1. Given R₀ = 25 Å, what would the calculated FRET efficiency be for residue 322 paired with residue 32, taking r from the Cβ atoms and rounding to 0.05?
2. Output the direction-averaged projected area (hull surface divided by four) of the convex hull of the alpha-carbon atoms of region 113-202, in nm².
3. How far apart, in nm, are two points set 7 Å out from the Cα along the Cα-to-Cβ line at residue 146 and at residue 48?
4. Would you list 54, 155 from fewest to most Cβ contacts within 10 Å?
5. Which of 57, 328, 167, 186 comes first, and how do the rest follow, when ranked by fewest Cβ neighbours within 10 Å?
6. Each label point is 7 Å from the Cα along the Cα-to-Cβ direction; what then is the distance between the points at residue 200 and residue 377, in nm?
7. Hey, can you rank 140-150, 36-46 by average C-beta count inside 10 Å, highest first?
Ligand SMILES: Nc1ncnc2c1ncn2[C@@H]1O[C@H](COP(=O)(O)OP(=O)(O)OP(=O)(O)O)[C@@H](O)[C@H]1O
């Protein structure tokens, strides 16, 4: 086993020289760069028997060192120690004193939490697990029987957070696909191949894909498990249950919320893609794989090679004329927005601690990825919505009336309460008028509704004080209450309605509603 840090005994001069030449990714990441996190997995049971040498180490939580190891150094001279820098390096190889052990919760904290926040704030988000076969991608994303992975944790937390938003209209939809040998299959459907097409805005979509509405994390987990049962796996020389396909779980979250400050209905729609790629290792004919496995291997490689090409072009900051070959593979076509587009994206690069070549290839791939900057936007739509505004207003009024009727049973200040009740009734008629005169310019109605809302707020504070009314009410509170009630009397309730009336009359329409306003006054 190698030592943890630069204090290693193994030819320090050579290592330092190599570090100078080979340190990668040291530039500070741009705000919208794809965030790359590396995770080193522990030795597997069958690897432990051979007591292999650990070839990786992390010397800070942002830097990982790969060394050739004694045998490899002798065998091939060109192999050198190399250091790579990333947003975070997670050590799950063993529990040692000077490096914190990264369990599944750590992955959630480092990657999942941020993605969750992004999704709730209306950003498209994506997490991609990349690495060779058996490096821990599925373990990281899905987890094991004993421990949940990132996906179940994100789903659980997502619903927990959404349930706290009592005043929003929320819809969550889930779809789950696999890309196997360059074909798309619906993991929640009947297993038939689906076609990828492009809409008029050149956004790829999957025709006839099942999308399920889900209302809690249990329902989401049931669908996820159903999909996992359908996913194509096989035993390979490196992994007993190797995923032979790329899987993409898409969680679409739509939130609608009325914003009383602006009088508008805010709609946020974001999708969170959770991608577990098939293994990235090279296949050699001498591996003794049967024909199907070889074909699988070459198709997996085709899509990952295209992914690599796309990422390389994007990392070199292309101009508008550069052709990015997204459409050369289904994977890159479907992930177009997430790599180089409108998405906050993270990659978890999973590495084996004992495979120099594959780990080096993964770390180089991850470095290229970390140089990509996306163009991130909140998917937000605001629109004035009179119906919603009136609904909100009606709710406020109902609350006030409820409050008054409760107070009437206990309070001795029936006079004030009756006055307040009259005001609320007045608001009631006002709402009817507004609903009826829906044709009037929105701006005027909004202005009018806002002043009515101010009155409601005043009514509410008056009620709070009235609630305290009893024989022993302190003098200051009585004064305050009288002040509020006087203010209510003084309120100019006529001008906003006059504005509406003017519009109605100048348009010579809806005279009936103008009459109604007259009645009210
Ligand atoms: N951090 C970890 N802690 C404990 N066990 C792990 C960890 N990472 C991976 N493993 C174990 O390593 C084995 C291989 O992991 P996994 O199946 O996740 O690899 P993979 O990268 O998804 O492979 P493939 O590309 O072949 O699907 C599994 O038995 C898994 O439980």
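Every read-out reported here was derived from the displayed coordinates using simple, explicitly stated rules and does not represent laboratory data. Quick caveat, the model's predicted, so the values are computed rather than measured. A quick note on method: Cβ atoms are made from the backbone with ideal geometry, for glycine too, and the neighbour counts reach across all protein chains shown.
1. My answer for the efficiency is 0.85.
2. 8.8
3. Result for the modelled spin labels: 1.0 nm.
4. By the 10 Å Cβ count, ascending: 54, 155.
5. If I rank by nearby Cβ atoms, fewest first, I get 167, 328, 186, 57.
6. That separation, rounded to one decimal, is 1.7 nm.
7. 36-46, 140-150
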